[in-house]
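Here's the structure, in C-alpha cells; my notes come after.
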Amino acid sequence: MHRIFAAIKQTLFPESKSSASPEELRIAFAKRYTHFRSLLTANNNALQAMAELEKVYYSGESYRMAFVRSKISTILINVYKMIRNILAMSDGKYKELEPIFDKISNDISEIVERKRNFQQGPFILELNEVRRKDKDEAGEKMANLGELAALPGIMVPPGFVVTASATRHFLTPDHIAEINRLLQVLDPDNLDDLYSACEKMQNIVMNTPLPPDLEESLHLHVNRLEAGSHPGCKVALRSSAQGEDTAGVSFAGLYSTFLDIDKSMISESYKKVIASKYGPRAIAYRRKRGYRHEDIEMCVGCLLMVDALVSGVVYSRDPEEENSAVMRINATSGIARGVVDGTTVTDLYLVSRTQPFSVVYREMRQGRGTGREHAADTGSLTVKQIQRLAETALQLESHFGQAQDIEWSFDRQGDLYILQSRPIPASRKEPAQNAVEATGPSETAEPPFLTGGICASGGIASGEVFLVDSEEQIQKFPKGGVLVIRHPLPEWAPLLGRAAAVIAENGSEAGHLATVSREFGIPALFSLDGAMKVLVNGQTITINSSARAVYKGRREDLLRLNIVKRDIMAGSPVQRIVTESLQYITPLNLNDPASTHFKSTWCETLHDITRFCHEKSVSEMFNYGKEHHFDKGAAKRLVGDVPLEWWVIDLADGFRPGLDSKDKSVRVEDIVSVPMQAIWHGISAFPWEGPPPISARGFGSIIFQSTMRPDLDPSVASGLTTKNYFLVSQNFCNLSVRLGYHYAMIEAYLSDLLTESYVTFRFKGGAADMRRKAVRARLLADILKRYDFRVELRSDALLARIKKQPVEYLEQRLQILGYLITHARQLDMVMNQPEAVEQYRNKFIQDIDEMLSRKSTLTIEEPSHG
C-alpha cells in the first residue's frame with residue numbers, strides 16, 4: 001500500500017530535481033538541443049521525400065525506379081534518425097517505435113525487391129498449342145495470336161514460339177549481371193550515353209553463342225515447317241515480349257522484326273530480336289512507361305511468311321474516338337511492313353460497324369498523295385475484302401472484350417491472315433478538343449500557315465521546330481521541341497519522351513510511331529507534304545493535329561483548349577510498386593495529439609511515426625524548463641531601465657561574444673538571442689499603465705488569495721515575485737515569468753527551416769475568483785486567435801502554439817506575447833465588468849496593430865514607466 005501511495009504521489013506531485021549549475025544546465029540543454037535539431041532536420045527530409053514521391057506519382061508524368069528507390073531510402077533513413085533522436089530526448093520512453101519501424105521497413109522492402117518466380121518450361125511451343133494462359137512463356141503477342149488460331153474462321157500463319165525459358169537458357173545470370181551494370185549507370189536523358197550503352201548491351205547478346213541444344217531445337221522446328229508442304233519456306237521472326245501488346249502499352253515497333261529469313265539465318269536473326277530488347281527506342285520507352293529491365297522477358301515468334309497481295313491495319317473502332325460508330329482500315333499493296341514503319345502511304349477506309357459494313361468515307365492515298373476520293377474507286381481493297389475485314393475485326397473485339405488494333409494480310413489465294421491483334425487504348429479526346437476541331441481559332445486570330453496531312457495522334461502543343469534526318473541530329477534534339485521528320489520511323493521513338501509534338505512528311509495513323517504517340521499523348525501530324533522545306537529549325541510553332549493545322553508562334557488561345565494528358569505510368573510495374581509502398585508511407589492516422597490514440601503503439605505508417613516523433617520532440621523541448629532546475633544565484637541580472645527583476649541564463653551562444661563570464665549582470669544590447677529580443681520588444685513597446693482600479697470586493701479577493709498562498713503575496717520578497725528568468729541561446733528562449741498573481745511561460749525556437757520553428761505560450765492564475773480568471777484567459781485566447789495562434793483553453797489555463805512559420809512572422813508573434821504578459825497582469829480583478837473586457841480587448845488590438853505596423857526592427861528600446 002505504501003508503494004502504491006508513493007507512486008501516486010510521485011505521479012501527481014513529482015519531486016523537483018536537484019538544482020543544476022549553469023554549466024551542467026548548458027551541457028544538458030546542448031545535448032537535448034542537438035537531438036532536437038537532428039530530429040527536425042530528419043523530419044523535414046522525410047516529409048520532403050514523401051512529398052516528392054507523391055508528386056511524381058500523381059503527376060501523370062514518367063518516373064524511374066531509381067528515383068523511387070532513392071526517395072524510399074531517404075524516407076526510411078530519416079524516419080529511423082527521428083526515432084533514435086526522440087528516444088535520446090525522452091530517455092527511451094517510446095521504445096515501441098523501433099519494432100514498428102522494422103516491420104514497416106521490411107514490408108516496403110519486400111514490395112520494392114519483389115522478384116518474379118520463373119517456372120522453367122520448354123524452349124519451343126507450337127503456335128497452334130499456345131493460348132492466353134501461356135503469355136508468361138510465349139509473350140503477349142504470340143499468346144494472342146495462338147488464341148486466335150483456335151477461333152472459327154480465323155487464320156494465322158503456321159509457326160512456333162521460342163519461349164522465355166529459352167531466353168533464360170541463352171543469357172545466363174553472368175550475362176544479365178553485365179547488362180545490369182551498364183543499365184545502372186545509364187543516363188537515359190543523355191542520348192549519347194543511351195546509344196553508347198545500348199550498343200554495348202546488344203554486343204553482349206550478339207557475341208554470345210546459342211547453347212547447342214537450343215540451336216538444334218530451333219532448326220528442328222524450322223525443318224518441321226518445311227516438311228509441312230512448305231519446302232524452302234521463308235519465315236518472319238517477330239518479337240513477343242512479356243507486356244507487349246497489352247492495353248495502353250503496345251511497345252509498337254520498339255523491338256525488331258525480321259522478314260523473309262531462310263534457315264541459314266535463323267540463329268543470327270533470333271539473337272537480333274533478343275538484342276532489340278536493349279535497343280535505344282525500347283529502353284527509352286520502358287523507362288518512360290514504368291517498366292524495369294527485369295519486368296520484361298523476350299520471346300520470339302517464328303511464323304511462315306504470307307505471300308501477301310494486300311496488307312494493312314484495321315482498328316475495330318477509331319482510335320481517336322472511343323464511341324465511334326466506324327472502324328478504320330489502312331491498306332497497301334504487298335506486305336504490311338511499310339504501313340507500320342511509316343514509310344508507305346496507305347489507302348484509308350472508314351467503315352460502318354454494322355452490316356452490311358458500308359464504306360462511309362475513303363481516301364485513296366496511294367499514288368494520289370492525300371487527295372480525297374468519294375467515287376466508286378475501291379483502291380487497294382474490294383468490297384468483299386472490306387466486309388471480310390469488318391466481320392473479323394468485330395469477331396476479335398468480341399473475343400477479347402475490347403477494341404482491337406489488328407495487322408492483317410490477304411494472300412494471293414484470297415485468304416485473310418491475322419498477323420497481330422492488340423487492344424486499342426481508350427480515346428484521349430475531350431469536349432475542349434472536339435470544340436477546337438469544330439470551330440478552330442477565333443476569326444480575329446492569324447490563320448494556320450500549314451494545313452492538311454493526317455492526324456496520327458490528336459492534340460495541341462507548341463514548341464521550337466527541330467528537323468531530324470540522321471542519328472547525329474537525334475542526339476541534339478532539345479526537350480520540348482517539335483520533332484519534324486521525313487518518315488515516322490520507329491527509330492525516332494527515343495525522342496518522343498522529349499518532344500512536344502511530331503510532324504512527318506509521310507506515314508499514316510496506322511504506323512508504330514503513331515501508336516506510341518497516342519500512348520504518350522503527343523500530337524502527331526503525318527503526311528504533311530513539304531514540312532521539311534517550310535519549317536525552319538528554331539522556329540516557334542503551335543500544332544493542332546486534330547484540326548490538321550500548324551500556326552506561327554505560340555498560340556495561347558489554342559493551348560488553353562488542350563486536353564489533359566493521361567497517366568503514362570498507369571498500370572506499370574513501377575507504378576504498382578509505388579502504389580503498394582505508399583500505403584505504408586503516407587497515410588496519416590495520428591491526427592489529434594489530444595486523442596487517447598495518439599501513442600507510439602498506434603503508429604501504422606512512416607508518416608504516423610514522423611507525426612508522433614515531431615509532436616513529442618516539441619513536447620520534450622516545451623518541458624525543458626520544467627524538468628531542469630538551475631542555480632538562480634548564478635544567473636546574470638538584466639540591468640538598465642527595466643521593470644521588475646529579469647535574470648538571464650545563457651545556455652549556448654545567447655550572449656554577445658567577448659562578454660565577461662564573471663560579470664553578474666548583462667545589458668539588453670549584450671543579448672543576441674533572437675526570440676528573447678522579440679519578446680523584449682513586446683514588453684517594452686508600450687509602458688504599463690499600472691493595475692486597473694478595483695472595488696473593495698476585488699481588494700478583498702487579493703487579501704484572500706494572499707492568505708491562501710503566502711508564496712504569491714507581493715509584499716513578501718520571494719524569488720517568485722521578484723525574479724523572472726530567461727533561458728537563452730541564439731535561436732532559443734524559455735521565459736518563466738510570474739507577474740503579480742499569474743504565471744506565464746513563453747518558449748520559442750526560431751529557424752530558417754520551417755519545420756524546426758515553434759512558439760508556445762502558457763498562462764494561468766490570478767488573484768481574482770476562478771470565474772474572472774477564466775474571463776481573462778478567454779480574452780487572451782481571443783486576442784491570440786486573431787493573430788493565428790492555435791489555442792487550447794481550460795478554465796483559467798491557456799496554452800497557445802504556433803509553428804512552421806517564417807522567422808519574421810514568429811518574431812512578431814513573440815512581440816505580441818511580450819506585450820500581453822506585461823499588460824494583462826491584474827486585469828482579472830475587473831473581468832466581471834463586460835465594458836472593461838471590451839475596453840481592454842480594443843486597447844490590446846489597437847496597441848498590437850500599431851506595434852506590428854512600425855518599421856520592423858528589434859533594436860531594444862528601454863521602456864518608460866509612469
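Given the condition open to solvent by less than 70 Å² (accessible area, probe 1.4 Å), modelled with pLDDT of 90 or more, among the basic types (K, R) and under 29 Å from P494 (Cα atoms), answer yes or no: does some residue in the range 189-212 qualify?
no
Does S665 satisfy the criteria of being within 19 Å of L735 (Cα to Cα), surrounded by fewer than 21 Cβ atoms within 10 Å (Cβ to Cβ), modelled with pLDDT of 85 or more and not charged (D, E, K, R)?
Spelling it out, S665 is indeed within 19 Å of L735 (Cα to Cα), surrounded by fewer than 21 Cβ atoms within 10 Å (Cβ to Cβ), modelled with pLDDT of 85 or more and not charged (D, E, K, R).
Hey, can you tell me all the residues within the range 294-310 that are open to solvent by less than 10 Å² (accessible area, probe 1.4 Å) and within 22 Å of G139 (Cβ to Cβ)?
Within the range 294-310, I296, M298, C299, V300, G301, C302, L303 qualify.
So in the range 583-615, with the set limited to residues that are farther than 17 Å from F101 by Cβ and touching an Asp or Glu at 6+ places or on another chain (Cβ under 7 Å), which one is surrounded by the most Cβ atoms within 10 Å (Cβ to Cβ)?
Let us first name the residues in the range 583-615 that are farther than 17 Å from F101 by Cβ, namely 591-598.
Filter once more, keeping what is touching an Asp or Glu at 6+ places or on another chain (Cβ under 7 Å): 593, 598.
Details: P593: 12, F598: 18.
Out of the qualifying residues, it is F598.
Enumerate the pairs (first residue in the range 786-807 and in the same structural domain as N734 (by TED's automatic domain parsing); second residue anywhere and basic (K, R) and surrounded by fewer than 15 Cβ atoms within 10 Å (Cβ to Cβ)) with beta-carbon separation below 6 Å, excluding pairs fewer than 6 apart on the same chain, so at least 6 apart or on different chains.
Matching pairs, first to second residue: V791/K785; R801/R790.
Just give me the residues in the range 262-277 being among the small types (G, A, S) and either surrounded by fewer than 20 Cβ atoms within 10 Å (Cβ to Cβ) or in contact with a strand residue (DSSP E or B) (Cβ under 8 Å, 6 or more places away or on another chain) (or both), in sequence order.
S264, S267, S269, S276
Scan the range 649-678 for residues that are under 46 Å from the mean Cα position of the chain (by Cα) and of a type in the set (A, V, I, L, M, F, W, C) and jot them down.
L651, A652, F655, I671, V672, V674, M676, A678
Does the range 575-595 contain at least one residue that is closer than 30 Å to N43 by Cα, β-branched (V, I, T) and at pLDDT below 90?
Yes: the range 575-595 contains one or more residues that are closer than 30 Å to N43 by Cα, β-branched (V, I, T) and at pLDDT below 90.
Select from the range 501-526 the residues that are at pLDDT 85 or above and more than 15 Å from S546 (Cβ to Cβ) and list them in ascending order.
Scanning the range 501-526 gives A504, E505, N506.
Identify, from the list V161, V156, the residue that is out of contact with any Asp or Glu (no Cβ under 9 Å at 6 or more places or on another chain) and over 30 Å from V68 (Cβ atoms).
V156
Do we find that T451 is at pLDDT 80 or above, among the hydroxyl-bearing types (S, T, Y) and surrounded by fewer than 21 Cβ atoms within 10 Å (Cβ to Cβ) in this structure?
The answer is yes for T451.
Is there any pair with a first residue in the range 224-246 that is closer than 18 Å to N128 by Cα and modelled with pLDDT of 90 or more and a second that is open to solvent by 20 Å² or more (accessible area, probe 1.4 Å) and of a type in the set (S, T, N, Q) whose Cβ atoms are under 6 Å apart and which are 6 or more apart or on different chains, and what are they?
R238/T257
Check whether at least one residue in the range 328-346 is touching a helix residue (DSSP H, G or I) at 6+ places or on another chain (Cβ under 7 Å), in a helix (DSSP H, G or I) and either at pLDDT 85 or above or not assigned by TED's automatic domain parsing to the domain that holds T167 (or both), and report yes or no.
Checked the range 328-346: at least one residue is touching a helix residue (DSSP H, G or I) at 6+ places or on another chain (Cβ under 7 Å), in a helix (DSSP H, G or I) and either at pLDDT 85 or above or not assigned by TED's automatic domain parsing to the domain that holds T167 (or both).
Out of all the residues in the range 400-407, is one or more assigned by TED's automatic domain parsing to the domain that holds V345, more than 37 Å from the chain's Cα centre (by Cα), modelled with pLDDT of 90 or more and open to solvent by 60 Å² or more (accessible area, probe 1.4 Å)?
No - not one qualifying residue is present in the range 400-407.
I need every pair where a residue in the range 47-72 that is aliphatic (A, V, I, L, M) has its Cβ under 8 Å from the Cβ of a residue that is open to solvent by 50 Å² or more (accessible area, probe 1.4 Å) and at pLDDT 85 or above, sequence separation at least 6 or different chains.
If the second residue must be open to solvent by 50 Å² or more (accessible area, probe 1.4 Å) and at pLDDT 85 or above, the pairs left are V56/F67.
Being surrounded by fewer than 21 Cβ atoms within 10 Å (Cβ to Cβ), at pLDDT below 90 and closer than 26 Å to L394 by Cα: is that true of R132 here?
Against the criterion (surrounded by fewer than 21 Cβ atoms within 10 Å (Cβ to Cβ), at pLDDT below 90 and closer than 26 Å to L394 by Cα), R132 qualifies.
Which members of the range 32-51 meet the condition of being open to solvent by 60 Å² or more (accessible area, probe 1.4 Å) and not β-branched (V, I, T)? Steps first, please.
Going through the range 32-51, the residues open to solvent by 60 Å² or more (accessible area, probe 1.4 Å) turn out to be 34, 37, 45, 48.
Those that are open to solvent by 60 Å² or more (accessible area, probe 1.4 Å) and not β-branched (V, I, T): R37, N45, Q48.
Name the residues in the range 746-776 that are in contact with an Asp or Glu (Cβ under 6 Å, 6 or more places away or on another chain) and under 27 Å from V672 (Cβ atoms), would you?
Within the range 746-776, T760 is the sole residue that qualifies.
On the basis of being modelled with pLDDT under 90, among the charged types (D, E, K, R) and not in a helix (DSSP H, G or I), does E861 make the cut?
Numbers: modelled with pLDDT under 90: yes; among the charged types (D, E, K, R): yes; not in a helix (DSSP H, G or I): yes.
Yes, satisfied.
Does T378 qualify as being within 17 Å of T332 (Cβ to Cβ), outside the structural domain of A500 (by TED's automatic domain parsing) and modelled with pLDDT under 90? Walk me through how you get there before you give the answer.
Numbers: within 17 Å of T332 (Cβ to Cβ): yes; outside the structural domain of A500 (by TED's automatic domain parsing): yes; modelled with pLDDT under 90: yes.
In short, yes.
The values are calculated or read from the model by the stated rules, or taken from the named source; none is laboratory data. Worth saying up front: this structure is predicted, and the values here are computed from it rather than measured. Cβ coordinates were reconstructed from backbone atoms using ideal geometry, including for glycine residues, and neighbour counts include every protein chain displayed. To get the accessible areas, we keep the full protein, side chains included, count just its heavy atoms, and leave off ligands, DNA and RNA. Shrake-Rupley method; radii C 1.70, N 1.55, O 1.52, S 1.80 Å.
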